[in-house]
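The values are calculated or read from the model by the stated rules, or taken from the named source; none is laboratory data. In this text, all values refer to a predicted model and were calculated from it rather than measured experimentally. Note that we place each Cβ from the backbone using ideal geometry, even for glycine, and neighbour counts take in every protein chain shown. These area figures cover heavy atoms from the full protein model, side chains too; ligands, DNA and RNA do not enter into them. Shrake-Rupley method; radii C 1.70, N 1.55, O 1.52, S 1.80 Å.
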Amino acid sequence: LKNLHFGQAVRTDGPKTHLVKDGTPTMGGALILFAITVSTLLWADLSNRFIWVVLFVTLGYGSIGWIDDYRKVVHHNPKGMSAREKFSWQSVIGLAAAFYLVFALSVPAGGTLTETIAGWVEAGFPLDISSNLHLLIPCFKDEWLTSWISDPQAAKTLGWLVFVLVVVLVVTAVSNGANLTDGLDGLAILPSVMVGGALGIFAYVVGRPDYAGYLIFPYIPGAGELVVI
């Protein structure tokens, strides 16, 4: 990357001591994304519904970062993508992932995702898409929505709406949190390894009925495959 002059343009509104970082190689994220994608395609169970949605979000957000770096490197624009443009695309990707999960978790036994979506359209886009979505709050034993709303139908309706909102908020917040961390010194890989390792442990635990039951975690079939990513 140094030989190709893929250097980071330092923002002028930061500390003057950061100016020495001008020209630091960038686009290392593209190398990380390549490694993740190849490893996942080689060793993950590609029939798993969670693998594709996580890979989609990863590559989608990676594309945003690549465009941002491209503008900085090629167009020598230290600011890259505007905050509004970046957040808009992040929200679109988050919404797509959230709606996919809503329907993927609503597929009946023996059914397919396409049939589930087609049935929802034919039924006139009902709001009670799924009863299989639960918002669990740490240290509370009951599903939060069900316990706070007396009407089960209203809980199901609000459940998927809140689910979509939470998914969008989480993926955009995590992405921007990592981006701000990286902006401090260009070294976001250590917190990424720590957070990724913790999420891998959680995915493995909730993907096993014995461990999940023993630790009083929700059991999510197929979640353990995310350890590959």
So in segment 80-135, with the set limited to residues that are acidic (Asp, Glu) and modelled with pLDDT of 80 or more, which one is nearest to the chain's Cα centre (by Cα)? Glu85
Could you tell me whether any residue of segment 67-79 is at pLDDT 75 or above, of a type outside the set (Gly, Ala, Ser), over 23 Å from Val166 (Cβ atoms) and exposed (fewer than 12 other Cβ atoms within 10 Å of the Cβ)? no
Among the residues of segment 163-171, are any at pLDDT below 80, open to solvent by less than 80 Å² (accessible area, probe 1.4 Å), of a type outside the set (Lys, Arg) and part of a helix (DSSP H, G or I)? no
Report every pair of residues separated by at least 6 positions or lying on different chains whose Cβ atoms are under 7 Å apart, first residue within segment 181-207 and at pLDDT below 75, second among the basic types (Lys, Arg). Gly186/Lys21
Do you know which residues across segment 84-104 are hydrophobic (A, V, I, L, M, F, W, C) and out of contact with any helix residue (DSSP H, G or I) (no Cβ under 8 Å at 6 or more places or on another chain)? Val92
Picking from Gly60, Gly29, which residue would you name as being out of contact with any Pro (no Cβ under 7 Å at 6 or more places or on another chain) and either modelled with pLDDT under 90 or farther than 24 Å from Thr172 by Cα (or both)? Gly29
Does Asp142 qualify as being assigned to a loop (DSSP other than H, G, I, E, B), open to solvent by 30 Å² or more (accessible area, probe 1.4 Å) and modelled with pLDDT of 90 or more? no
Can we say Val102 is without any contact (Cβ under 8 Å) to a residue 12 or more places away in the chain, under 21 Å from Val166 (Cβ atoms) and among the hydrophobic types (A, V, I, L, M, F, W, C)? no
